[in-house]
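Student: After the structure tokens below, expect a handful of questions from me.
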Amino acid sequence: MALLSSVLLVDDNSTTNFLHKLLLDKMGVSQQVFVAENGEQALRALVQLCSNNEEATCPQLIFLDMNMPVLNGLGFLEAYTHLPLAQRQAIVIVMLTTSLHERDMARARELPVAGFLTKPLTTEKVKALLAQHFPLAASSEGGA
């Protein structure tokens, strides 16, 4: 049984999205993994997935890249704070990137970010994240 109803991967690199989705599917982390290639697509996805009052489709976890075209990670986070509270209250956002400048990290800490991870995702990183932010779900899977 999946731990989360859905996860949203936000990254402009299609190979990264493919590999991360493959890992999350293999681990059985969620029932659905959605993909957006930039912050603008991710915002549209959230509005669509979270506004229909069907909690099963609203992502509980977002992995967000920092550097993307159209709307980068910081731009997404700034726009995200203006979404209705009901759409964002149960979502954990983790910055997933290859490197962060200290200035970007400092700004991201002022926004609704639950943590920072470096790419690529690994089984160990995902298990630690689930244990930290979704302990009840993680413990129901035998301590995933």
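Student: Within region 103-123, track down each residue that is over 16 Å from the mean Cα position of the chain (by Cα) and surrounded by 13 or more Cβ atoms within 10 Å (Cβ to Cβ). Give the steps one after another, and end with the answer.
Tutor: Pass one, region 103-123, residues over 16 Å from the mean Cα position of the chain (by Cα): 103-107, 110.
Answer for region 103-123, where residues must be over 16 Å from the mean Cα position of the chain (by Cα) and surrounded by 13 or more Cβ atoms within 10 Å (Cβ to Cβ): Asp104, Met105, Arg107.
Student: Now a separate question. With the condition kept exactly as written, say whether any residue in region 25-45 is surrounded by fewer than 21 Cβ atoms within 10 Å (Cβ to Cβ), under 19 Å from Thr123 (Cβ atoms) and charged (D, E, K, R).
Tutor: Yes: one or more hits.
Student: Failed condition for Leu100, given (1) modelled with pLDDT under 90; (2) surrounded by fewer than 16 Cβ atoms within 10 Å (Cβ to Cβ); (3) of a type outside the set (Asp, Glu); (4) assigned to a loop (DSSP other than H, G, I, E, B), with all others met?
Tutor: Every condition holds for Leu100 apart from (2).
Student: While we're looking at this one, here's another question. Condition first: of a type outside the set (A, V, I, L, M, F, W, C) and within 11 Å of the chain's Cα centre (by Cα). Can you find one or more residues in region 44-63 that meet it?
Tutor: yes
Student: In the list Ala108, Ala131, which residue meets the criterion of being of a type in the set (A, V, I, L, M), closer than 13 Å to Met66 by Cα and part of a helix (DSSP H, G or I)?
Tutor: After applying the criteria, what remains is Ala108.
Student: On to the next question. For region 16-71, give me each residue that is aromatic (Phe, Trp, Tyr) and either touching a residue at least 40 places away in the same chain (Cβ under 8 Å) or closer than 14 Å to Ser5 by Cα (or both).
Tutor: Phe34, Phe63
Student: Another question, then. Given the criteria in a strand (DSSP E or B), crowded, with 22+ Cβ neighbours inside 10 Å, within 12 Å of the chain's Cα centre (by Cα) and of a type outside the set (S, T, N, Q), does Leu8 qualify?
Tutor: yes
Student: So, one more: Pull out all pairs, ordered by first then second residue, where Cβ-Cβ is under 9 Å, the residues are six or more apart or on different chains, the first lies in region 72-96 and is under 17 Å from Gln60 (Cα atoms) and assigned to a helix (DSSP H, G or I), and the second is modelled with pLDDT under 90 and basic (Lys, Arg).
Tutor: Final answer for the pair search is Leu77/Arg107; Tyr80/Arg88.
Student: Using the structure shown, decide if Phe18 is at pLDDT 90 or above and assigned to a strand (DSSP E or B).
Tutor: On the way: at pLDDT 90 or above: yes; assigned to a strand (DSSP E or B): no.
No: the conditions fail for Phe18.
Student: With Phe63, Phe116, Phe34, Phe76 as the choices, which residue is in contact with a Gly (Cβ under 7 Å, 6 or more places away or on another chain) and within 17 Å of Asp11 (Cβ to Cβ)?
Tutor: That would be Phe76, the only listed residue that is in contact with a Gly (Cβ under 7 Å, 6 or more places away or on another chain) and within 17 Å of Asp11 (Cβ to Cβ).
The values are calculated or read from the model by the stated rules, or taken from the named source; none is laboratory data. Quick caveat: nothing in here was measured; it's all calculated off a predicted structure. So basically every Cβ, Gly included, is an ideal-geometry build from the backbone, and we count neighbours across all protein chains shown.
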